[in-house]
Amino acid sequence: MPSEPKAALREAAKVRRAALHQAHGTTAPAAALHRLRATPGLAAAFTPGSVVSGYWPVGSEFDPRPFLEDCHARGLACALPVSHARGTPLEFRRWTPGCEMTHGALGIAVPAAGAERLTPRVLLVPLLAVDETGHRLGYGAAYYDVTLRALRADGPAVAVGLAFEGQVVEALPADDHDERLDWLVTEAAVRRFG
């Protein structure tokens, strides 16, 4: 798999994820949330007062909304990312259940422009595929790589990938600028990288 160009890997990963979403999309998020909360080292990052960023799921992406709702109910501040120019870090706006939403530059639902800006220290990260070392395959715009690099330069930032177990592959091609995940949570397992 590592020898294939990333574009071909992305197309194959999209097909695989769509099939996994069809088979497990309604049950996997609850199972993954249970695993996260049962993993002391990871659960410790989700403490009241922390700022956690999720994402609004598009298509067959693993749905993080149960995680966000759980975090909000336990007193954590939640945010969703807003993308701007390619090569710039994501902006994060406060999200609460039922808050006013609009569509961002890529047509993805985001909190309205007046929402408070937050700086997350824990990020729930979408992906197309992930390997056994924590390298993720995204959509190719490098928004999360740029964002994680900027956040990590300013202090600890924990990147938690959310995926179906079937999205895990042995190895993916990685570039010097790729930021690795710290954790991966699926419906079947929790992995810590590094």
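In deg cm²/dmol and to the nearest 500, what is the mean residue ellipticity at 222 nm of the chain if only DSSP H runs of at least 4 residues count, each as -39500 (n - 2.57), divided by the residue total?
Only helices count here, giving -8000 deg cm²/dmol.
How large is log10 I(q)/I(0) at q = 0.09, 0.11, 0.16, 0.19 Å⁻¹ when the Debye formula is applied to the Cα atoms of the range 6-192, each weighted equally and without solvent?
-0.29, -0.44, -1.00, -1.49
Please get the size of the charge dipole for the chain, origin at its Cα centre, with Cβ charges of +1 on Lys and Arg and -1 on Asp and Glu, quoted in debye to the nearest 20. Spell out each step's value before the answer.
On the way: 20 positive and 21 negative charges, 61 e Å.
Its charge dipole is roughly 300 debye.
If you average the C-alpha positions of the range 100-125 and of the range 1-77 separately, how far apart do those two centres end up, in angstrom?
Going from one Cα centre to the other spans 17 Å.
Are there any GluC sites (Glu not before Pro) in the range 123-194 that are in a DSSP loop and have at most 15 other Cβ atoms within 10 Å? List them by number.
Listed in order of number, the matching sites are 132, 170.
As I understand it, the dipole of the chain uses +1 on the Cβ of Lys and Arg and -1 on the Cβ of Asp and Glu, about the Cα centre. Which of 110, 138, 24 lies farthest toward its positive end?
Most positive-ward Cα: 110.
Mind checking the full-extension length gain between residue 117 and residue 23? Use 0.36 nm per residue of separation minus the Cα-Cα distance, one decimal, nm.
So the chain would gain 30.2 nm between residue 117 and residue 23.
Each value in this text was obtained by applying a stated rule to the coordinates, not by laboratory testing. Since the structure is predicted, the reported quantities are computational estimates derived from the model, not experimental observations. Methodologically, a virtual Cβ is constructed for each residue, glycine included, from the backbone with ideal geometry; neighbour enumeration extends over all protein chains shown.
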